[in-house]
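Q: Below you will find the structure I want to go over with you.
Please treat every number below as a calculation from the coordinates, not as lab data. Just so it is clear, the model here is predicted, and its values are computed rather than measured. Neighbour counts run over all protein chains shown; Cβ positions are idealised from the backbone, glycine included.
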Amino acid sequence: MRVIFRELELRQLSNQAFVINETRKFCQLFTSNSGISSMLSMLSSYTDSIILITDYNDKSVYFHIPDSYANLLQTSSRVVIRPDKSKNAESGKETDSDKEASNTRRFWINKQIIPFAVFPIPSGRYYLCADINAAPLSEDIVSIITNCLPILSTELETIQVNQRRFSSTNHFAPFFSMLSDMRSKSSEEIRIVCNTFSFPYDCKRVCIAYEIQQAGSPDRLMRTVYDKFSTILENSGQQYFLSFYNDYVIIFLFFQKNISNLEAVNQAQMTAEYLYQSLDESLRQWVRGGVSRSHSRLVTIGTAFEESLISINMQSHLNPQKAVASYLRQIPYHLLRNLNHHDLNKIYNDTIVRLVDYDQANGTCLVHTLRMYLENRMVIRETSRQLFIHRNTLADHLNLIKRILGTDLEAMDEIFSFYLGLCAYDLLKET
């Protein structure tokens, strides 16, 4: 019996040494900044199974699928992970108490349902889930996972903090490298990068970019703008992703799928203008913003970023005094830019050329008056206020414009044509 007990004791000590040694290796991943993907890969190597990190609502945040599960991807180029919402056998529905009490849950991985052992991560916001479809986890593996949970919690919190804190080392460079080269990336590669940076790629999104235009863009100015926006957004209750890249501070705002694209863009525009106005007046002269259209597809994350930059560049030619530009409101210009010079010149000649010629011959500003009139929805009072002229004077100018153009500016199709003519004129002046 003494021999047997001694053998059991030695085996237990050996197992404990193994657990301690593997836990130490896991700690080294954190201290070397290897990232969450490397951590999940190591845990998966112990269990030889799928590893998930989910939030409280069972939404997959990060995952690792070993090569042995390649059959899951045979019928699809992407991995779709969703919780199994089967009703509780006794009560007929799933409750939060059931979820918290249970140490196993089932997830659909593409079209296959797989059971997972569930371990709450100490922060209380996430769960680690290990696939037990082939076999239950051994005691040693459970011990390793349990020891690693506090380290995982620290890594997850670090990721969240890095998204809110400015650092001279650009933590977000890999993310924007992915955005700028998205056309050569597969959906799975994009998804992995998004997961690494906790970017909710399945939400509707609008990108806001602010360009720091001071020569050299010193860190101090970038840090001031970044920290100011971070404080406001953190207290706003709005779901967001805040980052910086080169001379830009970039914000992705996220919206529910049931919100219309126009509503999402309008909300983002108001947020963008509010953030700009929150800066000290001495800073505003160096900052210009651009707002993208609304997007929801995975492959258009980079498109939203590009649109925000294009809108800044376009506004610098159209109206440099306007601090925050909207890609959606510049749509006529973006469409006209796809035309060749001959077609662009044809639109101009068919609409406002006579008005431009009259201004040049008489030193008047009737083109500008027409532009302000159309941009202010043809409201006399608001247009006269912005032009700093009396309403009667504006009325006289509009009557002159109508005579020169030979139109009464009442038919909607004519109004649209003349607005396109103004846009074409702006683009032609650039060439």
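Q: At a threshold of 8 angstrom on Cα-Cα distance, excluding pairs fewer than six apart, so keeping six or more, what relative contact order does the chain reach in percent?
A: Relative contact order, the chain: 11 percent.
Q: Ok, one more. Counting pairs of alpha carbon atoms under 8 Å apart in space and at least six apart in sequence, what relative contact order in percent does region 339-430 give? Each step should come with its number before you reach the end.
A: On the way: 64 pairs, mean separation 38.0, N = 92.
Result for region 339-430 is 41 percent.
Q: So which helices of the chain fit the span-like rule, where a helix is a whole DSSP H run, its Cα atoms reach 15 Å or more along the axis, and its mean Kyte-Doolittle is at least -0.5?
A: 2-31, 36-47, 139-162, 219-234, 301-318, 391-405, 412-430
Q: Follow-up. Just for the Cα atoms in region 339-430, what are the lengths along the principal axes, largest first, rounded to whole Å?
A: Here the Cα extents, ordered largest to smallest, are 40, 29, 24 Å.
Q: For Ser296, Ser260, Ser308, which order do you get if you count the other beta carbons within 10 Å of each Cβ and list the fewest first? Show your work: numbers first, answer last.
A: Working: Ser296 16, Ser260 11, Ser308 29.
Ascending number of Cβ neighbours within 10 Å: Ser260, Ser296, Ser308.
Q: Among the listed pairs Lys25/Lys111; Lys59/Lys85; Lys204/Lys228, which have their C-alpha atoms separated by more than 23 angstrom in this model? Working shown, then result.
A: Numbers: Lys25/Lys111 35 Å; Lys59/Lys85 12 Å; Lys204/Lys228 25 Å.
Exceeds cut-off: Lys25/Lys111; Lys204/Lys228.
Q: For the chain, give the magnitude of the charge dipole about the Cα centre (Cβ charges: +1 Lys/Arg, -1 Asp/Glu; no others), in debye to the nearest 20.
A: The dipole of the chain has a size of about 180 debye.
Q: Asn147 to Gln256: FRET efficiency via 1/(1 + (r/R0)^6), r the Cβ-Cβ distance, R0 41 Å, to the nearest 0.05?
A: Details: r = 39 Å, r/R0 = 0.94.
With R0 = 41 Å, the Cβ-Cβ based efficiency is 0.60.
Q: Something else: Let me check the size of region 272-331 from its C-alpha atoms; what are the radius of gyration and Dmax in Å?
A: 12.3, 38
Q: Right, here's the next one. Farthest toward the dipole's positive end in the chain, which of Leu374, Val118, Ala130, given Cβ charges of +1 (Lys, Arg) and -1 (Asp, Glu) about the Cα centre?
A: Projecting each Cα onto the dipole axis, the largest value belongs to Leu374.
Q: In which sequence would Cys423, Cys194, Cys129, Cys365 go, from the one with the fewest C-beta neighbours within 10 Å to the one with the most?
A: Cys365, Cys194, Cys423, Cys129
Q: What's the percent breakdown of Cα-Cα distances in the chain across 10 Å bins, shortest bin first?
A: Histogramming the chain at 10 Å steps yields 4, 16, 22, 20, 15, 10, 7, 4, 1, 1, 0, 0 percent.
Q: Return Val61, Val265 ranked ascending by Cβ neighbour count within 10 Å, so the fewest neighbours appear first.
A: Val61, Val265
Q: Right, something else. Tell me the net charge near Ser316. Cut-off is 10 Å between Cβ atoms, Ser316 excluded, with +1 for each Lys or Arg and -1 for each Asp or Glu.
A: +1
Q: Compute the signed sum of charges (Lys and Arg +1, Asp and Glu -1) over the other residues within less than 9 Å, Cβ to Cβ, of Tyr276.
A: Numbers: positive: Arg284, Arg288; negative: Glu273.
Taking every other residue near Tyr276 into account, the sum is +1.
Q: If a paramagnetic tag sat 7 Å from the Cα of Lys25 along the Cα-Cβ line, which residues of region 115-139 would have the backbone N under 19 Å from that point?
A: So the set is 130-131, 137-139.
Q: Something else now. Among Ile81, Phe244, Leu400, whose Cα sits farthest toward the positive end of the charge dipole of the chain (+1 at Cβ of Lys/Arg, -1 at Cβ of Asp/Glu, about the Cα centre)?
A: Checked the options; the winner is Leu400.
Q: Within region 365-409, list the trypsin sites (Lys or Arg not before Pro) lying in a DSSP loop whose Cβ has at most 13 other Cβ atoms in a 10 Å radius.
A: Working: sites: Arg371, Arg377, Arg381, Arg385, Arg391, Lys402, Arg403; in loops: Arg377.
Sparse-neighbourhood loop trypsin sites (Lys or Arg not before Pro): Arg377.
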